[in-house]
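Take a look at the structure set out below.
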Amino acid sequence: MLPYAPASAAAAASFPPIIPEPQFIELQAGAVQRPNGIDVAQVIGDVEELVTEFANAMGEGEYALIVEVDPEWTHARIPQKGLPQAYELEIESEGASLVAATREGIRWGLRTLADVLQAIPPTGAIPQAHICDWPDMKTRGVFVEDKWGPDLMELEDWKGIIDYLAARKMNNLGIGLYGCWCVQYDGGVTEWINVPVPGHPELKREWTVRWYSPTTRKVEQISYLPPIFEQDFFGDIVAYGQERGVEVIPYVNSLGHNTLIPRLIPEFAAKNEQGEPEQWGYCLSNPDLVEFVKSWYQQIYEKYLKPNGVHTFHIQLDEVGTAFCRCEECSKQSMEENLKDWVVTLAGHLISVGVQDVVMYNDQFTRHMQVWDEGFAQRLRDEGIYDHLIIDWWAYSNEMPHDKSDPKVGGGVRSWVKPMTCYYNWSRWDPRQKNVAIMCLRGANDWAEGAASYSVFDPGWGLEFDALAEYSWNPRGVGPIHAFEEKWARVRADGDVLEARRCLDRAFDTNLLNLIAYYAYTYERAGKPWPRQYPLEALEELSGKVDALEFIAEAGARARALLEGRVDELSLNMAAEAARVEAHGVAFSVMLEVYEAATGATDNPISAEAALPEVETALEILEEAMLTVEENKPRYMVPSCLRDMSVLYEFLGQLAGDLEEVIKGKREWSAVRWFVHRNIAQRDWDLWDEVDQQK
Ligand SMILES: [Zn+2]
């Protein structure tokens, strides 16, 4: 027996990759076969239920497990900051032993053991191994923005996200409790509030979503309050997270992304120079407003967090810009001073009632204003806030990190970095794995203590979530992002899924997915008519780009073919993305051809007779894609995904009708309509009559 002899190269090659990549693995001679189950031989320390849960998941068998929590345990390899979540694991032929200083170390060590043992092929073996492991960043997780999708999640869906994160050794889940944007669907302001506000039953936001369902072959409509609001279960999510080692924290907006409360309670709103209320922001000189926000945040802490042992609160404060109150009292000092006072008031109050970590975004400090300096840092020290404050540096580019979104700019203040993992999934494919790698590397270089992505949740973005798990735990990971993609495919799927993923990403690389999906046209834009003219605005930008559109269609079709027949959650969701990409590529290729014929932009125009069957085929492909979305995506994503696709569906139907009339001589080519009339996503908009009159 030579327990410390190194493994042979051949044996070493068979050691399974896991996510996240452990910091240190030493492979040894001696083989470990796939165990028939676990025999818990000894547990020292208060981790019985973690070990039992592990053993139950693995089944009962002969592979002996010894687990020890030793508060004095340490290891020369492990940096001090890594120790609270570190573990050491010996995986040997007959059994495994795990030691850590803390319960969290044991939790992650058991996760590694499960991942490794389950990856041993039924008839194969792996080398014995000694693993010494710890996370580079203390906090690793995902912020689920209040958005379409999360607003339809039930408690079980949220628990599923927690399990998903814990399986990747991530330990933080942020949930957006209050956030507002601008006018988008149905002429209404995009707003969510996800917890009831005591004393203010008027503060709620009901949503109506309409879409065409290929299954029922009719327009469906739902009106709802988010289940998290209606059933008030945020506290249950927090409690479940604590069981799983995932700290669930609230994100609550105040100055920016804030329209619902000031719209419904005008005396709290920011005011103009005449003292009249705006429909956004807060008047910080109003003592009732200050008391309202302080007591509401305190209530969130005391009702949902504190009883569950959670003491972290994200106050956001991003993208305020210059949207500050301009009343006489607020105007007595600069916007910069108002911002600083507000941070001191809000953070100071939360800390005074027991919150330990107050997190806020960097951008108002360092991008929209230049207020983060040594003077302000000193003020925060004097107020007893500085050590409790974490600045969350966000930047979402896949190419270049933002120079003002860099923990270095903070001069040593506690920091998180915030890449984007999954967003726009209600509308289109949007890969972010490169951004995740860039931001985690930046965080590691600058000693950020956390990485918490901006996100919603969609299993189709598994690569991004896994990349975040990988690089926030171990900034070297398995190597650069392209190397991680290969590993990811080995761990989660295989080469077909990787190739499908790369097809989707190449479609994204055309930079046209944003242009051709409906979502961008839900926004008002200066100089553009409202409601926005979709797809006309896109077609006007697409001149000469038919090759790229056809490539999008081909890449989507190729990805869909590679994923066909697979039934795992990742593949099903990616297949829906592939179908959506393909359908947009097909539809816009055809539409562009017909548009160029109708507008005389080509010397060789397609005839209406030739165009009609092509449009009808595009419509069938789109309907098939919508069916795939309906069948494959999580239930909570289906309404919002199909809403945007339904706008295109309506338009293709309208275009086919117009072409039939051209063929019959009832409509001139020049009278073919290029934007959808009475758009399904904007039907409640009461200015439609005005639009009709403009025709
Ligand atoms: Zn004011």
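The values are calculated or read from the model by the stated rules, or taken from the named source; none is laboratory data. These numbers come from a predicted model, not from an experiment. Positions of Cβ are generated from backbone atoms using ideal geometry, with glycine treated the same way; all protein chains shown enter the neighbour counts.
Could you please find all residues in the range 269-296 being touching a helix residue (DSSP H, G or I) at 6+ places or on another chain (Cβ under 6 Å) and part of a helix (DSSP H, G or I)? Across the range 269-296, the qualifying residues are L289, K294.
V567 falls short on exactly one of the conditions (1) surrounded by 15 or more Cβ atoms within 10 Å (Cβ to Cβ); (2) of a type in the set (V, I, T); (3) in the same structural domain as N632 (by TED's automatic domain parsing), and that condition is (1).
Cβ-Cβ distances below 8 Å connect the following pairs, each with a first residue in the range 280-298 that is free of Cβ contacts under 8 Å to residues at least 24 places away in the same chain, a second residue that is within 14 Å of the ligand (Cβ to nearest atom) and assigned to a strand (DSSP E or B), and a separation of six or more residues or different chains: L289/Y282.
Scanning the range 339-373 for residues that are among the polar types (S, T, N, Q) and out of contact with any Ser or Thr (no Cβ under 9 Å at 6 or more places or on another chain) yields T345, S352, Q364, Q370. The residues of the range 343-375 that are closer than 17 Å to Q299 by Cβ and assigned to a loop (DSSP other than H, G, I, E, B), listed by number, are V353, G354, V355. Strands (runs of 3 or more DSSP E) fully within the range 1-97 that include at least 3 residues being surrounded by fewer than 19 Cβ atoms within 10 Å (Cβ to Cβ) and in contact (Cβ under 8 Å) with a residue 12 or more places away in the chain: 24-33, 38-44, 63-69.
The residue of the range 336-357 that is farthest from the ligand (Cβ to nearest atom), among those that are in contact with a helix residue (DSSP H, G or I) (Cβ under 8 Å, 6 or more places away or on another chain) and of a type in the set (D, E, K, R), is D357. Residues in the range 282-305 that are closer than 19 Å to V358 by Cα, within 16 Å of the ligand (Cβ to nearest atom) and not hydrophobic (A, V, I, L, M, F, W, C): E291 only.
Scanning the range 443-453 for residues that are surrounded by 23 or more Cβ atoms within 10 Å (Cβ to Cβ) and either assigned to a helix (DSSP H, G or I) or hydrophobic (A, V, I, L, M, F, W, C) (or both) turns up G443, A448, A451, A452. Of the residues screened, R673 is one that is under 28 Å from G187 (Cβ atoms) and either among the basic types (K, R) or touching a strand residue (DSSP E or B) at 6+ places or on another chain (Cβ under 6 Å) (or both). Residues in the range 323-335 include none that are away from the ligand (no atom under 16 Å from the Cβ), over 28 Å from the mean Cα position of the chain (by Cα) and of a type in the set (D, E).
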